[in-house]
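Undergrad: Would you mind keeping the following structure in view while I ask a few things?
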Amino acid sequence: MIKIIKDLFRWDSKQFVKATIGVLIFSFAINTFLVPLSLYSGGAMGLSQLIRTIIVDSLNLKVNFDIAGLLYYLINIPLLVIAYKKISKSFFFRTLFCVSLMTLCLTFIPIPDKPILDEVLACTLVGSLIAGYGNGLILSSSGSTGGIDIIGIAAIMRNNKLSVGKLGFFFNTILYSISGILYGVPVMIYSILFSFFESFVIDRTHEQNICSTAMIFTKNNPNGIIKYVEDVLDRDTTYWEAIGSYKETKTYICYVVLSKYELQLLERHLNKVDPTAFVVKTTGVGIDGKFKKSI
């Protein structure tokens, strides 16, 4: 099983478990807090929920489960084809796993007959925080819930001026406007609040959004460190020779800019790459210009 996870998903067991837990937490938040309020998430999930409501209301359907999960899966099928052809096979398999598991969870996790909290605002905020944490775990494990993520990443690969956030904002603006027209302004406002606070938590859980720098000091030839940074982290390295003032010995300093997630990988494997090296790190730095975010 572990070999399949590594070969097919390019995941280690820790990432696989983190993605699975993230899907469960996110699905629980949607079914327990959002659906009983008749509110809508953002992106492809929100679209599937809106279509679900329109179909159920117009056809007066009586079903024992939420069909939004199945609609979400159907919406993602053409997007998964794009992921396979335009992004990478490992990303495709990770997304397929997360989308499939999420569809099952959304279908079978019980939905309360009424909101579990009396206050709509409180229920919205608590649900958004839980959903954001779950989604952040998925992204931190290099997984994806599909939908706008796939479109955004494919678009970034063609035009680096675009971003997943910009496309998501544009899509959600249309989605929430339609929900407001069909089901009233309060539904639109509370759905926007849910999406806003969910995104806030995602950004603080998803370590790939946090920019960092690292200065690696070694007395050995730095080629091993440089090769690891280039091949594994897909980053470039600036290095120079220095002299230690205490013993006046030659030292190499490698400087690299990367995400907090990539920095954790570097810390985890640095001892294997160069046992004599140590790293000085800074997280939460501001970076302008053509710095590439690995999404």
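The values are calculated or read from the model by the stated rules, or taken from the named source; none is laboratory data. Note that the structure is predicted; figures quoted are calculated from it, not measured. Because the Cβ atoms are built from the backbone with ideal geometry, glycine has one as well, and the counts that use them run over all protein chains shown.
Undergrad: Give me the pairs, please: first residue somewhere in segment 256-272 and more than 17 Å from residue 286 (Cβ to Cβ), second residue anywhere and assigned to a helix (DSSP H, G or I) and modelled with pLDDT of 85 or more, beta-carbon distance under 8 Å, and either six or more positions apart or on two chains.
TA: Once the first residue is more than 17 Å from residue 286 (Cβ to Cβ) and sits in segment 256-272, its partners that are assigned to a helix (DSSP H, G or I) and modelled with pLDDT of 85 or more give 266/228; 266/229; 269/228; 270/225.
Undergrad: Considering only segment 54-75, state which residues are among the β-branched types (Val, Ile, Thr) and farther than 19 Å from residue 109 by Cβ.
TA: Those that are among the β-branched types (Val, Ile, Thr) and farther than 19 Å from residue 109 by Cβ: 54, 55, 75.
Undergrad: When both residues are 6+ apart or on different chains and their Cβ atoms are under 9 Å apart, which pairs have a first residue that lies in segment 132-157 and is within 13 Å of residue 88 (Cα to Cα), and a second that is among the polar types (S, T, N, Q) and modelled with pLDDT under 85?
TA: 142/15; 142/90; 142/208; 143/15; 150/144; 153/144
Undergrad: Please go through segment 252-270 and pick out each residue that is modelled with pLDDT of 90 or more and surrounded by fewer than 17 Cβ atoms within 10 Å (Cβ to Cβ).
TA: Passing the criteria: 253, 255.
Undergrad: Same structure, new question: If I go through segment 273-286 residue by residue, how many of them are at pLDDT 90 or above and either within 25 Å of residue 18 (Cβ to Cβ) or acidic (Asp, Glu) (or both)?
TA: Looking only at that region, the number is 3.
Each row is one residue, and each column tells you yes or no for (1) under 12 Å from the mean Cα position of the chain (by Cα); (2) within 17 Å of residue 71 (Cα to Cα).
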site: 89; (1), (2): no, no
site: 99; (1), (2): no, yes
site: 113; (1), (2): no, no
site: 124; (1), (2): no, no
site: 128; (1), (2): no, no
site: 145; (1), (2): yes, yes
site: 151; (1), (2): no, no
